[in-house]
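Accompanying notes for the structure given below.
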Amino acid sequence: MKGFEYTRPTSVQEAVQLLSAQNARALGGGTDLLGIMKDALLPTDRVVDLKGIQGLDHIKDDSGTLAIGALARLNDIAASSLVAGKAPALAQAASLVASPQIRNMGTLGGNLAQKVRCWYFRDADRTDCYKRNGSYCYAVLGASDLHAVFDGAACFAVHPSDTATALSALDATVVVAGPKGQRTVPIASFFVGPDTDYLRETVLAPDEIITEVRVLLGAPSVFLKAAPRRSIDFARTSVGAQVIGTNVIQTARIALGAVAPTPHRATKAEAFLEGKSLAPDVIAQAAELAADGAKPLASNAYKIPLIKGLVRQALTALSAR
Amino acid sequence: MSDRDIPRSGETAPEEALSRRRLVFGGLAAAGVVAATVGTFGRAATAVAARQPLSDKVVVTDPTLCVGCLACEVNCSTWHASVGRSGVPRIRILATPEVKLQTQLASYLPGRTGFSPSTCRQCPTPWCAPNCPTDALRVDPATGDRYISETECIDCGKCEVDCPVEWKGTLARTSLPIDSKRVIRDATNNVYVKCDLCIGRQGGPICVERCPVNVAIRAGYVKSDHLALDLRPSTQEQWEKLV
Ligand SMILES: Cc1cc2nc3c(=O)[nH]c(=O)nc-3n(C[C@H](O)[C@H](O)[C@H](O)COP(=O)(O)OP(=O)(O)OC[C@H]3O[C@@H](n4cnc5c(N)ncnc54)[C@H](O)[C@@H]3O)c2cc1C
Ligand code: SF4
Ligand code: SF4
């Protein structure tokens, strides 16, 4: 691994200041960043270890809002009875990430800010991939099993985060700290696609960090994930769903993971569900609509039936509540 | 549409416009034939389109070779923004379900057909130029490249009105409609933009360089005697065939 400067700030302000240097990167649990540094995928001259900052690992009910610190570990989120009871999709997503070891190290902030898992991007030799500041996408005319069926533009890597899918269904808010202080970003505008900037996956500036994620507690939600292996595997497709309304649906949110460069909201299916109840025929039609507009590459069309199947299962699970 | 490019004999230009054009194009107007186009467009005819040197390049697009990856749009935005120009893409992919992908590509990517790239045609007679009040719409004397100097553009929109080529349809990227001309407005930065052939860029137009189908054709993986995005001189004959 190339040499780098290790810093351990004790406050958010100090962290942000340290991150203003060129090629400085925040460190949570390191389960993603260390792999990237080892393979020298992205230049990293300074590591800013956030774990020295006290009070960023809370999981609490803040008068009806679930507030989770960016340094909360995925295992703690998965094990929290508050999260399991009031935002079940997030607890399920956290519990399905990788393996116990990675969930013990991995933080919520790191999970949301992780880099893509495209196998070409992660291949140290492919330095001309867009995500590495290059000029070519290997996936378009290459092996695209892992890649986007929606919204690919120049780059077709999908966002790999499981919690991002769940939090999109829960319409969470991300609290971000930077040199100018704090701002809150709705999760629906937190992630950016390659048509905005193919070098990043979120709105975060290099000197901004996630400090907290906030979710309104309450309505039933569910998260499901399909992956070849039961553990230590990224989603090939995942779904987070939440419905608000007792008999008749007022609001439905369906977020699809691992099918687009950002969590992909199935807006047509959501609109279709409004004013209806979750009867089997309604669920079947919503599942069809969820895959509307998908444009597969050479080897990822299998994601289309996966989307439909997972949405059907997720809505069926919600209808039973 | 092609008759718009044929200067009509017997028509004379208003004196005022003529002298202004001489100023705009300087030596070019003096060297070339000044063609009058009064009344050709069904609108107030103050325009005088001077016969300019042909653009020695235009991006010739072949929809049957486009897999809709949007690399051209994204790179167009990114490069122009990186040199301080508007980031609005000057090449756009329209959704055109009737277009069928070339067979070799279709056998590999059956789901990715029906895309149509298009951009400014670098018209042999640059209709967009004469009415620009600030002379922001220019013809590069060396290459004939018709381009907008965005720092001079005052957002008046005359070039869009004068451009004879429509840009209508559904954008593949957003599924939203586009209803413009090949000169298009950047509503955020209040300027008009058009394909400037990446003027100033080493290596020429970035879309042509980076289109992955072009890369595959150049490498011999995809068999085609021309590129998906190809550069050719903008002759009248070529112009008439452009998408
Ligand atoms: C074998 C393996 C399997 C995995 N499987 C899954 C999976 O199934 N699902 C899944 O979602 N993920 C998976 N991951 C990815 C990921 O490493 C973890 O999910 C983890 O949550 C990342 O958190 P971290 O704290 O370790 O991040 P780090 O590695 O510390 O950081 C990741 C990135 O986020 C940035 N960052 C960290 N914290 C912050 C912050 N507070 N604000 C701003 N930026 C920040 C870092 O600079 C870095 O770029 C897997 C990883 C491995 C190695
Ligand atoms: S999908 Fe994105 S990350 Fe993967 S090779 Fe293409 S440009 Fe690189
Ligand atoms: S880069 Fe090439 S294949 Fe991709 S959208 Fe543009 S013209 Fe089509």
Using alpha carbon centers only, the range A:219-290 is separated from the range B:192-232 by a whole-angstrom value of 40
Across A:Leu216, A:Leu256, A:Leu71, the residue with the highest GNM fluctuation in chain A (Cα network, 10 Å cutoff) is A:Leu216
Show which lysines lie in cross-link reach of A:Lys276 when reach means a straight Cα distance below 20 angstrom and same-chain residues fewer than eight apart are skipped. A:Lys268, A:Lys308
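Report, as a whole number in µm² per second, the diffusion coefficient that Stokes-Einstein gives for chain A at 25 °C and 0.890 mPa s using the Kirkwood radius over alpha carbon pairs. Numbers along the way, then the final one.
Values: Rh = 19.8 Å.
Rounded to a whole number, D works out at 124 µm²/s.
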Residues along the range B:200-235 losing 30 Å² or more of accessible surface when the other protein chains are present rather than the chain by itself (probe 1.4 Å): B:Arg210, B:Pro212
For the protein assembly as shown, alpha-carbon Rg over 2.2 N^0.38 Å: 1.10
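Here is the link list: A:Lys295/B:Lys223; A:Lys115/A:Lys303; A:Lys295/B:Lys158. Which ones come out longer than 28 Å on Cα distance? List each step's numbers first, then the result.
Numbers: A:Lys295/B:Lys223 24 Å; A:Lys115/A:Lys303 21 Å; A:Lys295/B:Lys158 38 Å.
Correct reply: A:Lys295/B:Lys158.
The values are calculated or read from the model by the stated rules, or taken from the named source; none is laboratory data. These numbers come from a predicted model, not from an experiment. The protein model used for the area step is the full one, side chains on, heavy atoms only, and it has no ligands, DNA or RNA in it. Shrake-Rupley method; radii C 1.70, N 1.55, O 1.52, S 1.80 Å.
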